[in-house]
Amino acid sequence: MHHIVIGAGPAGVIAAETLRKAQSAAQITLIGDEKEAPYSRMAIPYLLVGNIAEQGTHLRKSATHYEDLKINRLIAGVKSVQSATKKIVLTDGKELQYDKLLIATGSTPARPPIAGIDLPGIYSCWTLQDARHIIDKVKPGSRVLQMGAGFIGCIIMEALANRIGTKSGGKLSVVEMGDRMVPRMMGPAAGGMIKRWCESQGVAVHTGARVESIAQSGAALTATLSNGTKIEADVIISATGVKPTVSFLKDSGIDCKTGVLANDRMQTNMPDVYAAGDCAEAFDHMTGSHMVSAIQPNAADQARIAALNMAGQGGSLRQVTQINVLDTLGLISTSFGLWQGVAADKGGEQIELKDDAAYKLLSMQFQGDVMVGCNSIGWTDHVGALRGLVEGKVHLGDWKAKLQKDPTQLMAAYIATAQGQNNWSGAADMARRGR
């Protein structure tokens with residue numbers, strides 16, 4: 001039995017390890033197109049700040065980890081998959097035969113169509129090689145322009161702000177074409193609050209604008225925005241989002257939309273072909289639809305389930321986790337589930353508690369008596385209760401009305417519904433006592 005895993009990120013590595021545990025004698029080939037040891041892209045911001053060395057980004061610390069597990073690591077690009085004949089073609093022309101195939105190719109940074117985007121001094125922040133360029137060029141006091149303020153962009157922004165020292169001479173400007181920061185995680189009020197916080201920390205934020213062109217003048221780069229603003233920078237970082245890496249699957253017969261379509265067992269429409277991680281568009285029982293949710297907990301769950309099914313042991317994905325927890329220059333924000341809510345004609349209702357001066361916001365979205373999603377900013381207490389209520393699809397009963405009156409009673413609601421109680425005073429007293 002020959003298992004081939006395309007992609008050496010967290011999903012690929014976890015799948016290969018799970019396959020080895022399940023089948024001690026199987027041949028396992030793990031293919032990655034970077035010469036680096038398999039690493040976590042989410043660790044790169046910590047590398048930029050200097051909290052870890054390059055080895056700290058590695059998914060496994062032992063230099064002989066894959067050799068010890070008899071997992072064959074192959075550094076190569078994949079040109080195509082021929083699922084009808086169970087064969088993959090590498091970019092160097094070589095062909096490999098598989099019995100079971102896992103596609104775990106992750107995502108690729110989007111390349112915005114901007115005049116001058118290929119000038120020197122413009123980088124993505126996605127690979128270890130990108131990080132090396134940024135470490136070499138971005139110093140304390142540098143002028144940096146970042147394009148994009150989504151979830152990943154905000155993580156990169158924090159690393160850049162710390163690296164250049166925005167309160168001690170460094171200048172960081174962020175341009176986001178959406179009307180708010182983190183628009184795919186936060187509603188208008190929440191996204192606007194995060195913008196104001198970033199500005200209070202010395203970051204210049206331009207929302208509702210885009211970079212239209214970049215020109216070079218000596219050692220400096222000048223970006224012209226759609227609103228006419230010109231920004232000079234020593235380095236420009238492109239963080240305009242990512243997209244699943246699936247272009248090599250054209251003509252493979254494998255169904256793709258945004259990502260590779262997979263069922264709750266992570267199987268694709270083609271026999272013996274599976275998908276996991278950021279490239280997978282998995283079926284979610286909670287919403288009844290397919291979705292890409294590019295977070296590492298999903299990658300790990302999907303990889304394990306895909307590998308168990310490849311090994312014939314079964315297993316299915318309960319749901320696609322929709323969780324984002326973001327630390328933006330010290331301001332903690334979260335989103336769970338359908339944070340954007342449900343239409344009113346489908347039973348959707350919402351409540352919002354906001355304290356602009358304290359940078360605190362709590363937004364809850366309901367469908368009937370179930371909390372289907374939420375946003376929070378500055379609320380670090382009881383975040384687990386928020387997640388539990390949303391992911392558990394808990395029927396709140398009378399507690400819905402109580403939360404609408406006082407959203408801060410969420411812990412009392414969580415305890416009461418977990419215990420099957422509906423006693424307002426008793427459950428509230430238990431929550432205050434931390435029981």
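Bear in mind that the values in this text are calculations on the coordinates, not laboratory data. Just so it is clear, the model here is predicted, and its values are computed rather than measured. Here the Cβ positions follow ideal geometry from the backbone for every residue, glycine too, while neighbour counts run over all protein chains shown.
Contact order for the stretch 330-432, expressed relative to its length and based on alpha carbon pairs under 8 Å spaced 6+ residues apart, stands at 22 percent. Pairs of Cα atoms nearer than 8 Å and 6+ residues apart set the relative contact order; for the chain it is 13 percent. The lysine pair count for the stretch 330-432, using Cα distances under 23 Å and pairs eight or more places apart or on different chains, is 12.
Calculate how many DSSP beta bridges within the stretch 122-240 are antiparallel, expressed in % of all such bridges and rounded to the nearest 5.
Details: 10 of 27 bridges.
In the stretch 122-240, DSSP labels about 35 percent of beta bridges as antiparallel.
Within the shell of other residues whose beta carbon sits under 11 angstrom from the beta carbon of GLN367, the net charge comes to +1, with Lys and Arg scored +1 and Asp and Glu -1.
Count Lys and Arg as plus one, Asp and Glu as minus one, and take only other residues whose Cβ is under 9 Å from that of GLU54; the net charge is then 0. Dipole magnitude for the chain: computed about the Cα centre from +1 point charges on Lys and Arg Cβ and -1 point charges on Asp and Glu Cβ, it is near 420 debye.
Seen from ILE231, the other residues with C-beta closer than 14 Å to its C-beta sum to a net charge of 0, counting Lys and Arg as +1 and Asp and Glu as -1.
What percent antiparallel are the DSSP beta bridges of the chain, to the nearest 5?
Details: 53 of 91 bridges.
The antiparallel fraction comes to roughly 60 percent.
With the simple spin-label model, which puts each label point 7 Å out from Cα in the Cβ direction, the SER226 to SER200 separation comes to 2.9 nm. Could you check how many percent of all C-alpha pairs in the chain are farther apart than 31 Å? Counting pairs separated by more than 31 Å, the tail of P(r) holds 48 percent.
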